[in-house]
């Protein structure tokens with residue numbers, strides 16, 4: 001690959017990766033700073049998108065248009081939806097969808113974007129395999145899961161809402177950017193992967209878990225991403 005785009009919603013999700021880069025050049029677009037340089041011997045563009053689906057989708061489109069990236073990796077944290085997944089574990093996306101898309105009144109199933117011929121956006125299998133291998137190398141103390149990730153413009157912290165998303169979509173994790181990045185990548189025919197370390201259980205305990213486990217979850221996802229880039 002000539003260039004790989006790496007997106008994190010928050011600065012703490014990409015700051016360590018930026019520190020590892022060499023020969024950095026910064027380009028600003030749409031109030032985002034794109035760090036173009038070398039990471040683990042590979043040409044990359046690392047960027048903080050900001051939180052939410054609009055920011056994330058715009059960021060992915062800029063990576064495609066301006067930097068002509070050949071793959072997009074989104075690294076960060078998420079709430080866990082599967083009881084087998086513990087805080088700190090990693091979920092790698094098989095596919096992504098918008099749990100807050102609702103055009104049921106027009107005859108579409110919940111989550112379906114009207115007039116699009118796919119229900120969810122499929123992540124790249126080769127990138128997922130590379131990420132799983134990298135995680136086993138650098139995070140042997142945690143588990144890696146492969147499954148659907150659901151995205152919406154809301155922080156899920158109620159058990160009722162968690163259950164609705166789990167039952168409706170069978171998702172393993174819920175967060176606020178992945179589906180927008182996946183959709184933008186799919187529209188541009190760019191392979192993508194969403195990597196999420198679980199920082200909370202997306203239920204009533206979120207206020208207790210989040211601060212305590214956020215740093216450790218980010219550390220897992222950053223280590224995985226750096227090793228994955230090195231191995232590609």
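Readers should treat all values here as calculations from the given coordinates under stated rules, not as data from a laboratory. Remember, predicted model here, so these are calculated numbers, not experimental data. So basically every Cβ, Gly included, is an ideal-geometry build from the backbone, and we count neighbours across all protein chains shown.
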**Asked** Comparing 89, 65, 153, which has the greatest mean-square fluctuation in the GNM of the chain with Cα pairs linked when under 10 Å apart?
**Response** 65
**Prompt:** Gain in length, residue 116 to residue 104, computed as 0.36 nm per residue apart minus the alpha-carbon separation, to one decimal in nm?
**Reply:** 2.9 nm
**Item:** Potential extension, residue 126-residue 86 segment - 0.36 nm per residue separation minus Cα distance
**Value:** 11.9 nm
**Asked** Taking Cα centroids, how far is the range 1-23 from the range 132-187 in Å?
**Response** 20
**Asked** Based on the Cβ-Cβ distance from residue 137 to residue 168, what FRET efficiency comes out when R0 is 35 Å, to the nearest 0.05?
**Response** 0.50
**Choice from 73, 26, 85 showing the highest fluctuation, given a GNM over the chain with Cα pairs closer than 10 Å** = 26
**Complete:** When the chain is treated as a Gaussian network with springs between alpha carbons less than 10 Å apart, the largest mean-square fluctuation among 71, 30, 217 is found at 30
**Request:** If a/c stays under 1.5 just call it rounded; otherwise compare a/b with b/c (prolate if a/b is bigger, oblate if not). Do that for the chain, with a ≥ b ≥ c from the square roots of the Cα gyration tensor eigenvalues.
**Result:** oblate
**Prompt:** Rounded to the nearest 500 deg cm²/dmol, what is the calculated helix-only ellipticity per residue at 222 nm for the chain, with -39500 (n - 2.57) per DSSP H run of length n ≥ 4?
**Reply:** -12000 deg cm²/dmol
**Prompt:** In nm, to one decimal, how far is the residue 29 label point from the residue 11 one, both placed 7 Å along Cα→Cβ?
**Reply:** 2.3
